[in-house]
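Have a look at the structure below, then the notes.
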Amino acid sequence: MKYPVIAIDGPAAAGKGTLARQLADTLELPYLDTGLLYRAVARRVLDQGGDPAHDGPEQARQLVPEDMRRTDLREPEVDRAASAVARHPEVREALLERQRHFGRARGAVVDGRDIGTVVFPDATAKFFITASAEVRAQRRYVQRHGQPCTSPAQLAEEVAAINARDQQDASRETAPLRPAEDAVQIVTDDLDAADVLDRVCQILQEKGIIRR
């Protein structure tokens, strides 16, 4: 591969997006959040009153850059619809070359759920970022509300939603969520964003991919 591609996979709210953005800035590489592609497709389906489980392929083929810049792509209904959209093989096929072209143009840090296994199996380096469902549920709540969840019942609902999304992503027939065999796995329960970035940069340095 002419330019380096760093693949960062993992479940929702594990910290992979934060890591990917910071790493892209550190390495001065383009950054692609592939989850946003599926959210944008899901948003288009919902806007058309369609069924995310069946109507994703047409909307995926019609996706335009403006769809990615919408401010309503992280709403709960889009989160649920994106998981359904992502299960459709034709949707994934429609978005596959778009992702590969982005990474091969000038290198990239790319995050998602199948980057190291499907999109870039020949990536320069692969990481799988994860955390417990409880930690991820609290993080997701903070992302949406700006403060920690203090209600056990509400947090339990967030955990249930996280577990349901994990089950959907891991059980789909096409490109299921799983770490690549050669991915470095990092559990972020007790790590902040700076700790994770430092660990990844150290690994990349040890591999001779970057110099610090």
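Below, the figures for the structure above:
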item: Top-ranked residue of the stretch 12-39 - restricted to ones that are aliphatic (A, V, I, L, M) and assigned to a helix (DSSP H, G or I), ranked as nearest to the chain's Cα centre (by Cα); result: L36
item: Spans of helices (runs of 4 or more DSSP H) in the stretch 47-162 with at least 3 residues surrounded by 13 or more Cβ atoms within 10 Å (Cβ to Cβ) and touching a residue at least 12 places away in the same chain (Cβ under 8 Å); result: 56-61, 76-86, 89-106, 133-145
item: Selection count where residues are open to solvent by 40 Å² or more (accessible area, probe 1.4 Å) and assigned to a strand (DSSP E or B), scope the stretch 185-204; result: 2
item: Residues of the stretch 163-184 classified as among the acidic types (D, E), exposed (fewer than 15 other Cβ atoms within 10 Å of the Cβ) and touching a residue at least 24 places away in the same chain (Cβ under 8 Å), total; result: 2
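The values are calculated or read from the model by the stated rules, or taken from the named source; none is laboratory data. This one's a predicted model, so the numbers in the text were calculated from it and none came from an experiment. Cβ atoms come from the backbone with ideal geometry, glycine included; neighbour counts cover every protein chain shown. Keep in mind that these areas ignore ligands, DNA and RNA; they rest on the heavy atoms of the full protein, side chains included. Shrake-Rupley method; radii C 1.70, N 1.55, O 1.52, S 1.80 Å.
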